[in-house]
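Structure first, then comments.
The values are calculated or read from the model by the stated rules, or taken from the named source; none is laboratory data. Computed from a prediction, not measured in an experiment: that's the story for all the values here. Cβ coordinates were reconstructed from backbone atoms using ideal geometry, including for glycine residues, and neighbour counts include every protein chain displayed.
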């Protein structure tokens, strides 16, 4: 068996949530595969430490390590825009299928609803997603899609 699939004991015991050293906000663990897939230039020997994803809008840090001797990665270090940290279009929401915040808002404005979540769910069922290597959070985007739709509903109700 390859060593890449083994779990380092120190990573397994890492807390589920840590405070970002830049913004101080609570941040969740992210898989090493996600960090390795999206950071433009990794160190030759990537440290075996747990990384956390900071999604705070005003914070430039994206991935920070449990081991403070390991590198912290900022927005400019990634190969993709981090939707949670963006304020200008295009703001990515779904990294696997290319949906942006503007796509969802436009469909909602035109039809009064959004089919994006259903379309993504169908693709997920078909096995066509790769959130762990495409989405900076390493998680499914359906929560983010739902948040954008809720914001559309709130704006319409005002």
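Points to keep in mind about this one:
- Residues (in contact (Cβ under 8 Å) with a residue 24 or more places away in the chain and in contact with a helix residue (DSSP H, G or I) (Cβ under 8 Å, 6 or more places away or on another chain)) located in the stretch 87-111: 93, 94, 95, 96, 97, 99, 101, 104, 105, 108, 109
- Residue check, residue 145 within 21 Å of residue 30 (Cβ to Cβ), without any contact (Cβ under 8 Å) to a residue 24 or more places away in the chain, not in a loop (DSSP other than H, G, I, E, B) and not assigned by TED's automatic domain parsing to the domain that holds residue 37: no
- Qualifying residue in the stretch 88-101 (condition: assigned by TED's automatic domain parsing to the domain that holds residue 139, more than 17 Å from residue 130 (Cβ to Cβ), part of a helix (DSSP H, G or I) and within 20 Å of the chain's Cα centre (by Cα)): yes
- Among residues that are in a helix (DSSP H, G or I) and at pLDDT below 95, residue 155 is included.
- If you go through the stretch 49-83 and keep only what is farther than 17 Å from residue 141 by Cβ, in contact with a strand residue (DSSP E or B) (Cβ under 8 Å, 6 or more places away or on another chain) and not in a loop (DSSP other than H, G, I, E, B), you end up with 51, 52, 61, 63, 64, 65, 73, 74, 75, 77.
- Residue count for the stretch 56-82, restricted to those that are closer than 13 Å to residue 19 by Cβ and under 13 Å from the mean Cα position of the chain (by Cα): 2
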